[in-house]
Amino acid sequence: MANLKDLFVSKVRVKLIQIFLNKPQEMFYVRQLVRETDEEINAVRRELARLEARGLIKSEPRANRLYYFFIKTYPFYQDLISLVAKTTGLGEDIRKNRNKIGKVKFAMLSGKFAHQLEREEPTEVDLLVVGTIVLPELSAVVRRAEVTRKREINYTAMTVEEFNFRKQRRDPFLLGILSLPRIMVVGNEEDLLEKSKEDTAA
């Protein structure tokens, strides 16, 4: 299965990037990162220095501690957020259990979910899954992510037929989901947004 380790040589760097971008709104101090990575402090310090030198993270002294945070203006910030969302947490669990969940054509996470931002409306959807879905299996995957995140996850599942019908009819609920930033976990965006033959003919 594809993993961030395919792209980065240093396992410590992979762990640090995952920690920073799983909680992009937070700041971390060294001992905290040592605990979360379960790596030697010198290895963590070394990678933090490299990441800071390359402009991925920044450090800031606060209350006798040096805190680190990911720089949101880093050119590949959004790309890395997407990679981390697919290879950790809910995204990783969906890909790992794809066959158990059913015949998944599309699975997408909302941009807000990936960025750990609060939903503006309680009805906003964090996860959309399209296909022939085994609902108890999908529910189990979501529950595990809720325990880790310590928050409820709003999700919806549709058959391919329902998804296409709603898209063709310009259903407000579905259009609301598709109009917001998203990260594709399964499937690609072009197919997701492709117009049906009926729309093209019209």
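The values are calculated or read from the model by the stated rules, or taken from the named source; none is laboratory data. Here the structure is a predicted model, which means the values were calculated and not measured. Note: ideal-geometry Cβ built from the backbone for every residue, glycine included; neighbour counts use all protein chains shown.
With respect to residue 167, is the statement that it is assigned to a loop (DSSP other than H, G, I, E, B), of a type outside the set (Ser, Thr, Tyr) and out of contact with any strand residue (DSSP E or B) (no Cβ under 7 Å at 6 or more places or on another chain) true? It is false that residue 167 is assigned to a loop (DSSP other than H, G, I, E, B), of a type outside the set (Ser, Thr, Tyr) and out of contact with any strand residue (DSSP E or B) (no Cβ under 7 Å at 6 or more places or on another chain). Summed over the range 60-114, the residues that are at negative phi, touching a residue at least 40 places away in the same chain (Cβ under 8 Å) and not basic (Lys, Arg) give a count of 27. Suppose the filter is of a type in the set (S, T, N, Q), modelled with pLDDT of 90 or more and within 30 Å of residue 20 (Cα to Cα); does residue 164 pass it? So residue 164 fails the test.
If we scan the range 120-134, do we find a residue that is among the charged types (D, E, K, R), in a strand (DSSP E or B) and without any contact (Cβ under 8 Å) to a residue 60 or more places away in the chain? It would help to see each step written out before you state the result.
Of all residues in the range 120-134, those among the charged types (D, E, K, R) come to 120-121, 124, 126.
Filter again for in a strand (DSSP E or B), leaving none.
No: zero hits.
With the structure loaded, tell me whether residue 126 is modelled with pLDDT of 95 or more, under 27 Å from residue 18 (Cα atoms) and in contact with a Phe, Trp or Tyr (Cβ under 7 Å, 6 or more places away or on another chain) or whether it fails that test. Taking the combined requirement at face value, the residue satisfies it. In this structure, does residue 148 turn out to be surrounded by fewer than 17 Cβ atoms within 10 Å (Cβ to Cβ), in contact with a Lys or Arg (Cβ under 8 Å, 6 or more places away or on another chain) and among the polar types (S, T, N, Q)? No, not satisfied. The condition of being at pLDDT 95 or above, over 22 Å from residue 121 (Cβ atoms) and of a type in the set (Ser, Thr, Tyr) holds for only one of 200, 159, that being 159. Look at residue 185 and say whether it is assigned by TED's automatic domain parsing to the domain that holds residue 101, touching a Leu at 6+ places or on another chain (Cβ under 9 Å) and under 21 Å from residue 100 (Cβ atoms). Taking the combined requirement at face value, the residue satisfies it. Filter the range 67-89 for residues that are in contact with an Asp or Glu (Cβ under 8 Å, 6 or more places away or on another chain) and at pLDDT 95 or above and give the result. Within the range 67-89, 67, 68, 69 qualify. Residue check: is residue 194 loosely packed, with under 12 Cβ neighbours inside 10 Å and farther than 30 Å from residue 23 by Cβ? It is false that residue 194 is loosely packed, with under 12 Cβ neighbours inside 10 Å and farther than 30 Å from residue 23 by Cβ.
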